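What follows is calculated from the coordinates using simple rules that are stated; it is not laboratory data. Bear in mind the structure is a predicted one, so any value in this text is a computation, not a measurement. Using ideal geometry, Cβ is built from the backbone for each residue, glycine included, and neighbour counts are taken over all protein chains shown.
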Amino acid sequence: MKPLRQTLLVLLCLLVAGCFDLDEKITLHDDGSAQIELNWSAEKARADLASDLQTAASGQAGGLGFFDEKALRAYLAKFPGVEVDVARCGEKNGQRYGRAILRVKDLRAALKAGLLPHTSLTYDKKEDLWTLAMKPDADLDRKAFPPAEAEAIRQIKLKLEFDLPGEVTSQNGHAKTGDKVSWEFGPQRSLLGAPRSFTASFHSSKLKP
């Protein structure tokens, strides 16, 4: 199984279990570089199960290593142009957690290489528009899950923010402040029925196609 598929299997396990919280912020600069901040956590038992599933899927220990600091650093080291300011995993009060702060020299290239699953930065020459998007594989249609799983997914907390280097012309976020677009899901605003992609398009006179 390919590494990306292994990663998605682990994420799907955590998400469907309704025990995964993710806070992600991407700050894109006008020279194409970026800073990425990630914070995630899960119940210890579910995190251990996810690690076992990842090992079973790949046939070996390792991979992205959401809750294994050594594995996390090894994964990030595979991507040229990515400098790791913080890569930390730990355990507290029955929760396992992780935190990463990355400086990326060329966000577009890093995303093409698979740094963040299902996330892309593309340019439409005809419209002269850039689009930053996250397009999860999972279909979060309410009808696709049994009641117990649907209720678990309603408890998932996901925060996503794009800070962009130009005028935002279109987006489907929950909030927009200047050039920042954000989404926030949780018990009060469930991921069930969420858009199939989280996108923001913008003009930039300095970014190079």
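See the values below:
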| read-out | value |
| --- | --- |
| Cβ-based net charge around Q171, under 12 Å, with every Lys or Arg adding one and every Asp or Glu removing one | -1 |
| Environment charge at E184 (Cβ cut-off 13 Å; Lys +1, Arg +1, Asp -1, Glu -1) | +2 |
| Table column - 3J(HN,Hα) (Hz), segment 151-158, Karplus curve with 6.51, -1.76, 1.60, x for Gly and Pro | 5, 5, 5, 4, 8, 5, 10, 10 |
| Pairs from K78/K126; K44/K157; K112/K176 whose Cα-Cα separation, in the structure shown, is over 23 Å | K78/K126; K112/K176 |
| Sorted peptide list for 180-192, 103-115, criterion being average Cβ within 10 angstrom, highest first | 103-115, 180-192 |
| Full-stretch length increase - K159, D85 - with 0.36 nm per residue and alpha-carbon distance subtracted | 24.5 nm |
| Theoretical FRET efficiency, 1/(1+(r/R0)^6), r = Cβ-Cβ of D23 and K208, R0 45 Å, to 0.05 | 0.90 |
| All lysines inside 17 Å of K180 as judged from Cα atoms, apart from same-chain residues fewer than 8 positions distant | K25, K159 |
